[in-house]
Amino acid sequence: MSSAVLGAAATGAFVSLEEKSLQAAQEGEPRGQAHHAPYRGESLPCGKLGKLSVSRLVMGGNLFGGWAHSRDLLYVSRLLREYNTDTRILDTLEQAEQSGVNMIQVDPACVEHIVRYRKERGGKMQMLVCINADPLDATKVKEQVKQLVDLGVEALYGHGERTDHMTMNNQVDAIGRMTEIIKAAGVPAGVGSHSLQTPIACEKNGIGNEFYVKTFHPDNYWSATPAEKREEWCWYTGSSDAHDRYHDNIFDLHPDQTEAFMKGVKKPWFAFKVMAAGAIPAQVGINHAFQHGADFVVAGMFDFQLAGNVEIAVKALKRSKNRARPWCA
């Protein structure tokens, strides 16, 4: 049967959600396009982080490192590494800057890409980097902070897995010591987390962090753990084989509680995992984050998604002028 006949036959048949998404993504997009045009619309607004001017949409760096929250799909991390070659990473960073995105959130292991981009392309992309040294070892924290600041990193924060573990073990004072080490290095100091319990503990104990990097996304997508089965700290206890339990599939257990708590926090908030690692359309995730209180949105973006996501952010920010939480940056 010819492809034309197959296409005609499919027209009246059931079209799956996956097929609809693929059709929408491919509409007007040339196959195999090596370079993608930057966004050329209205300027992407910026906010303030200390003395830094930061675009409201921040690029997430997990796609460069090959770290994927892919539920039970086994090939995704390698696919990310195969797709994002060194040259494509530099091209994507350049496209992001041309589109108005001026900061990227990255793991220390990926800082070299941005350093190289600045050197070889003359780029000005700023870095928001998570400290993954053990907060209980002040010497190692100081060493990593110095190393990263010497490389030109503009802002640092405690990696969410590290800070969540400190909260779990009633060691919030270690988060405070790490924060002071970062501040002493002369850059803005933040705290990351998946769990809302970490910012709650930081605020309760007067930790002097200057911003938060906290997960935030709607919880009504298909693969989300049912509300009655969600368990605090599930990210650190291992994925379950039970179909209705945690399996690398939810990153903010109670978004309504996150929104309510952050309303009372007068510090800049970088919301990340706003698309639940690919389970939520960008238009829904980015709009939800800005409308419900985030000051900045961190979004992992392939080169072919950048222009569209910046446009979504620009429009979302216009609609978020009268939101309940005041802008804190």
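Things to note:
- For segment 242-282, residues that are assigned to a loop (DSSP other than H, G, I, E, B) and either within 19 Å of the chain's Cα centre (by Cα) or of a type outside the set (D, E, K, R) (or both) total 24.
- The residues in segment 295-322 that are within 22 Å of residue 211 (Cβ to Cβ) and open to solvent by 20 Å² or more (accessible area, probe 1.4 Å) can be counted, and the count is 2.
- Per-region count, segment 35-62, residues open to solvent by 40 Å² or more (accessible area, probe 1.4 Å) and closer than 20 Å to residue 88 by Cβ: 3
- Top-ranked residue of segment 210-238 - restricted to ones that are of a type in the set (A, V, I, L, M, F, W, C) and over 24 Å from residue 105 (Cα atoms), ranked as most open to solvent (accessible area, probe 1.4 Å): 222
- Residue under evaluation residue 198, criteria (1) surrounded by fewer than 23 Cβ atoms within 10 Å (Cβ to Cβ); (2) free of Cβ contacts under 8 Å to residues at least 40 places away in the same chain; (3) assigned to a helix (DSSP H, G or I), criterion not met: (1)
- Selected residue (only one of 114, 104, 89 is in contact with a strand residue (DSSP E or B) (Cβ under 9 Å, 6 or more places away or on another chain), part of a helix (DSSP H, G or I) and crowded, with 18+ Cβ neighbours inside 10 Å): 114
- Test: residue in segment 239-253 that is within 13 Å of residue 214 (Cα to Cα), in contact with a Gly (Cβ under 7 Å, 6 or more places away or on another chain) and surrounded by 15 or more Cβ atoms within 10 Å (Cβ to Cβ): no
- Selection of first residues in segment 265-287 that are under 14 Å from residue 316 (Cβ atoms) and of second residues that are part of a strand (DSSP E or B), restricted to Cβ pairs under 6 Å at least 6 apart or on distinct chains, gives the following pairs, ordered by first then second residue: 271/297; 274/297; 286/297.
- Condition broken by residue 120, with the remaining ones in (1) exposed (fewer than 15 other Cβ atoms within 10 Å of the Cβ); (2) touching a residue at least 40 places away in the same chain (Cβ under 8 Å) satisfied: (2)
- If you go through segment 280-294 and keep only what is touching a helix residue (DSSP H, G or I) at 6+ places or on another chain (Cβ under 9 Å) and open to solvent by 10 Å² or more (accessible area, probe 1.4 Å), you end up with 280, 281, 282, 283, 287, 288, 291, 292.
- Qualifying residues in segment 123-137 (those that are under 18 Å from the mean Cα position of the chain (by Cα) and of a type in the set (A, V, I, L, M)) - the one surrounded by the most Cβ atoms within 10 Å (Cβ to Cβ): 128
The values are calculated or read from the model by the stated rules, or taken from the named source; none is laboratory data. None of these values were measured; they are calculated from a predicted model. Note: ideal-geometry Cβ built from the backbone for every residue, glycine included; neighbour counts use all protein chains shown. These area figures cover heavy atoms from the full protein model, side chains too; ligands, DNA and RNA do not enter into them. Shrake-Rupley method; radii C 1.70, N 1.55, O 1.52, S 1.80 Å.
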